[in-house]
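Undergrad: Got a structure for you, written out below as structure tokens; questions coming shortly.
The values are calculated or read from the model by the stated rules, or taken from the named source; none is laboratory data. Just so we're clear, the structure is a prediction, and the values are computed from it rather than from any experiment. Every residue, glycine among them, receives a Cβ derived from its backbone with ideal geometry; neighbour counts consider all protein chains shown. Note: accessible area is taken over every heavy atom of the protein model, side chains too, but ligands, DNA and RNA are not part of it. Shrake-Rupley method; radii C 1.70, N 1.55, O 1.52, S 1.80 Å.
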Amino acid sequence: MADKKADQFYTRPPKMGKWESFKVFLWNPETSQFLGRTGSSWGKILLFYVIFYAALIGFFAAMLAVFYQTLDDNKPKWQGANGLIGSNPGLGFRPMPPDSNVESTLIWYKTGEPLNINYWTEELDRFLEPYHKQSGSENVDNCEKKDRPDENKFCEFKITADYAPCIKDMRYGFDGKERGGPCIFLKLNKIFGWQPDFYTNATAPNDMPKHLRDHIAKEEQQGKHHVIWVDCAGENPADIENIGPINYHPQRGFKGKYFPFHNVKGYVSPLVAVHFERPQRGVLINIECKAWARNIIHDRVDRRGSVHFELMVD
């Protein structure tokens with residue numbers, strides 16, 4: 001028996017071609033292996049990865065659930081100076097130029113050409129659509145006779161005839177004849193919980209335009225100075241000369257009753273329509289609009305508390 005075992009030597013497996021080797025790798029009938037593993041081996045490795053990934057998914061889901069417990073659906077965790085957007089609101093304007101030139105702030109159109117004007121008026125139609133639907137919200141409050149909405153409500157903001165000529169029926173002034181100019185709508189960026197600190201005649205800063213200080217003094221005498229004031233002007237001497245008269249509708253700022261913003265469903269930001277009555281034709285006019293409140297800081301580089309755009313009417 002021992003001599004028989006001694007006579008048994010390792011024999012080299014038969015030489016196979018590449019295709020035959022590949023077929024044996026796929027399925028080896030002698031060892032019942034598929035892709036180099038037996039059925040039990042595949043079962044063990046599959047069970048390991050199922051348990052491993054189930055534990056990984058469970059851990060991730062648990063951490064995500066803990067994270068969501070720290071968030072509130074109705075208000076940000078970090079507010080004011082601690083938040084990403086800070087506590088200094090900026091101004092925005094509408095209508096915006098086409099998306100094809102996303103970095104542009106130029107409003108340029110030709111009077112008397114409907115196709116050219118339609119883009120701007122349709123942009124304003126879309127922008128103002130939520131303002132016409134808010135009356136159906138259960139959270140809207142009529143604040144005509146009060147300065148603050150009830151709890152968990154917001155003051156209704158309407159686009160009324162007081163905005164004329166900055167209304168749809170008058171094409172927002174873009175189709176104005178006899179050198180008439182367009183209406184540009186301004187709004188403050190929403191900052192949760194931000195409460196404006198209003199200027200009075202006594203607290204108005206020296207760098208505020210004199211005509212705005214005079215306007216605040218007049219409104220203060222009537223108790224109507226709880227407003228975030230707005231002022232638009234040409235940026236350079238040539239722009240000031242070409243910009244022409246400016247009117248603000250329905251008044252020269254945002255009333256305090258629309259603040260603070262508490263993310264109440266249906267809330268829309270208050271608007272000021274700036275009507276440029278007779279801008280110089282065929283001239284590019286650089287315009288800067290500023291919002292004025294004691295807790296709004298102006299920074300032209302970062303565009304804090306202000307907005308810049310260009311206007312050109314042909």
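Undergrad: Can you tell me which residue within segment 107-137, out of those that are assigned to a loop (DSSP other than H, G, I, E, B) and at negative phi, is surrounded by the fewest Cβ atoms within 10 Å (Cβ to Cβ)? If you could, list the steps in order and put the result at the bottom.
TA: Of the residues in segment 107-137, the ones assigned to a loop (DSSP other than H, G, I, E, B) are 110-113, 137.
Pick out the ones that are also at negative phi and you get 110-111, 113, 137.
Numbers: K110: 13, T111: 18, E113: 11, S137: 17.
Applying the filter and picking the extreme gives E113.
Undergrad: I'm trying to understand the selection: among the residues of segment 118-134, which are under 19 Å from the mean Cα position of the chain (by Cα) and closer than 23 Å to G181 by Cα?
TA: Passing the criteria: E123, L124, D125, R126, F127, L128, E129.
Undergrad: If I filter segment 73-91 down to residues being loosely packed, with under 10 Cβ neighbours inside 10 Å and not hydrophobic (A, V, I, L, M, F, W, C), which single residue comes out as farthest from H298 (Cα to Cα)?
TA: Within segment 73-91, the first condition is being loosely packed, with under 10 Cβ neighbours inside 10 Å, and the residues that meet it are 73, 77, 81, 84.
Now restrict to residues that are not hydrophobic (A, V, I, L, M, F, W, C): 73, 77.
Working: D73: 31, K77: 26 Å.
It comes out as D73.
Undergrad: Suppose we filter segment 168-206 for residues that are within 23 Å of the chain's Cα centre (by Cα), over 17 Å from V272 (Cβ atoms) and in a loop (DSSP other than H, G, I, E, B); how many remain?
TA: Within segment 168-206, residues that are within 23 Å of the chain's Cα centre (by Cα), over 17 Å from V272 (Cβ atoms) and in a loop (DSSP other than H, G, I, E, B) number 4.
Undergrad: Do any residues in segment 123-142 that are within 15 Å of P270 (Cβ to Cβ) have Cβ atoms under 9 Å from those of residues that are among the acidic types (D, E) and exposed (fewer than 13 other Cβ atoms within 10 Å of the Cβ), where the two are at least six apart or on different chains, and which pairs are they?
TA: Sorted first by the residue in segment 123-142, then by its partner, the pairs are D141/D150.
Residues are listed down the side, and each one gets a yes or a no for (1) open to solvent by less than 60 Å² (accessible area, probe 1.4 Å); (2) out of contact with any Gly (no Cβ under 8 Å at 6 or more places or on another chain); (3) more than 24 Å from R148 (Cβ to Cβ):
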site	(1), (2), (3)
L212	yes, yes, yes
Q222	no, yes, no
V227	yes, no, no
V230	yes, no, no
A233	yes, yes, yes
I243	yes, no, yes
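Undergrad: Taking segment 157-172, which residues are of a type in the set (D, E, K, R) and either modelled with pLDDT of 90 or more or open to solvent by less than 30 Å² (accessible area, probe 1.4 Å) (or both)? Step through it out loud before you land on a result.
TA: Initially, segment 157-172 is screened for residues of a type in the set (D, E, K, R), giving 158, 162, 168-169, 171.
K168, D169, R171, listed by residue number.
Undergrad: Where the second residue is surrounded by 18 or more Cβ atoms within 10 Å (Cβ to Cβ) and the first is free of Cβ contacts under 8 Å to residues at least 12 places away in the same chain and lies in segment 236-260, which pairs have Cβ atoms under 6 Å and are six or more apart or on separate chains?
TA: I240/G234
Undergrad: So, one more: Can you name the residue in segment 245-270 that is at positive phi and part of a loop (DSSP other than H, G, I, E, B) and is also surrounded by the most Cβ atoms within 10 Å (Cβ to Cβ) among such residues?
TA: Within segment 245-270, the subset at positive phi is 253, 263, 266.
In the following step, the residues that additionally are part of a loop (DSSP other than H, G, I, E, B) were identified as 263, 266.
Working: N263: 14, G266: 16.
Ranking the candidates gives G266 first.
Undergrad: Further, regarding this structure: I need the full set of residues from segment 287-303 which are assigned to a strand (DSSP E or B) and either open to solvent by 90 Å² or more (accessible area, probe 1.4 Å) or of a type in the set (D, E, K, R) (or both), in order please. If you could, list the steps in order and put the result at the bottom.
TA: Keep residues of segment 287-303 that are assigned to a strand (DSSP E or B), which gives 287-292, 299.
Within segment 287-303, E288, K290, D299 meet the criteria.
Undergrad: D239: open to solvent by less than 30 Å² (accessible area, probe 1.4 Å), of a type in the set (D, E, K, R) and either outside any loop (DSSP other than H, G, I, E, B) or out of contact with any strand residue (DSSP E or B) (no Cβ under 9 Å at 6 or more places or on another chain) (or both), yes or no?
TA: Values: open to solvent by less than 30 Å² (accessible area, probe 1.4 Å): yes; of a type in the set (D, E, K, R): yes; either outside any loop (DSSP other than H, G, I, E, B) or out of contact with any strand residue (DSSP E or B) (no Cβ under 9 Å at 6 or more places or on another chain) (or both): yes.
In short, yes.
Undergrad: Consider only pairs whose beta carbons are under 7 Å apart and that are at least six residues apart or on different chains; among these, list those whose first residue lies in segment 54-75 and is free of Cβ contacts under 8 Å to residues at least 24 places away in the same chain and whose second residue is among the charged types (D, E, K, R) and open to solvent by 100 Å² or more (accessible area, probe 1.4 Å).
TA: Note: pairs meeting the criteria are T70/K77; L71/K77.
Undergrad: Which members of segment 271-286 meet the condition of being more than 22 Å from the chain's Cα centre (by Cα), in a loop (DSSP other than H, G, I, E, B) and not small (G, A, S)? Spell out the reasoning first.
TA: Of the residues in segment 271-286, the ones more than 22 Å from the chain's Cα centre (by Cα) are 275-286.
Subsequent filtering for residues that are in a loop (DSSP other than H, G, I, E, B) retains 277-284.
Within segment 271-286, E277, R278, P279, Q280, R281, V283, L284 meet the criteria.
Undergrad: Right, S32: on the phi > 0 side of the Ramachandran plot and modelled with pLDDT under 80 or not? Write out each step before concluding.
TA: On the way: on the phi > 0 side of the Ramachandran plot: yes; modelled with pLDDT under 80: yes.
Yes.
Undergrad: Additional query: Scan segment 162-217 for residues that are in contact (Cβ under 8 Å) with a residue 60 or more places away in the chain, of a type in the set (A, V, I, L, M) and in contact with a Ser or Thr (Cβ under 9 Å, 6 or more places away or on another chain) and report the count.
TA: 2
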